[in-house]
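Bear in mind that the values in this text are calculations on the coordinates, not laboratory data. Because the structure is a prediction, the values reported are computed rather than measured. Backbone-built Cβ (ideal geometry, glycine too); neighbour counts: all protein chains shown.
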Amino acid sequence: MREGKKDEAETIKQEVKKINEELIEIEQKEEKYKSEIKEIMLKIPNIIHETVPIRKR
């Protein structure tokens, strides 16, 4: 700003503000998707290892 580039500095500040807002939105989506994935994974049973014997009832 000392060199008379106030307009350029303001433009960059606005871009940074916009990026920060987008980042907050993306982080909120990430948390939402993480919880959805966890919920889905809890419905999937564990896969039995091939060395585990399967007994007949």
remark   = Straight-line reach check, Lys29, cutoff 30 Å on alpha carbons, 8 or more apart in-chain or any other chain, hits among lysines -> Lys13, Lys17, Lys18, Lys38, Lys43
ask   = Of the chain, which part is the longest with no GluC sites (Glu not before Pro) in a loop (DSSP not H, G, I, E, B) and with at most 16 other C-beta atoms within 10 angstrom?
value = 4-49
query = With +1 on each Lys and Arg Cβ and -1 on each Asp and Glu Cβ, how big is the dipole of the chain about its Cα centre, in debye rounded to the nearest 20?
reply = 680 debye
task = Towards the positive end of the charge dipole of the chain, with charges on Cβ (+1 Lys, Arg; -1 Asp, Glu), say which of Ile44, Asn20, Ala9 has the farthest Cα.
result = Ile44
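How large is the helix-only mean residue ellipticity at 222 nm for the chain, computed as the sum of -39500 (n - 2.57) over DSSP H runs with n ≥ 4, divided by its residue count, in deg cm²/dmol to the nearest 500?
-24500 deg cm²/dmol
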ask   = Which one is right for this structure if Rg and Dmax of the Cα atoms in Å is calculated from it: (1) 10.1, 27; (2) 25.6, 85; (3) 20.9, 67?
value = (2)
task = Can you pull the one-decimal nm distance between simple spin-label points at Ala9 and Glu30, each 7 Å off the Cα toward Cβ?
result = 3.1 nm
ask   = For the Cα atoms of the chain, what angle does the longest principal axis make with the long axis of helix 6-43, in degrees from 0 to 90, nearest 10?
value = 10 degrees
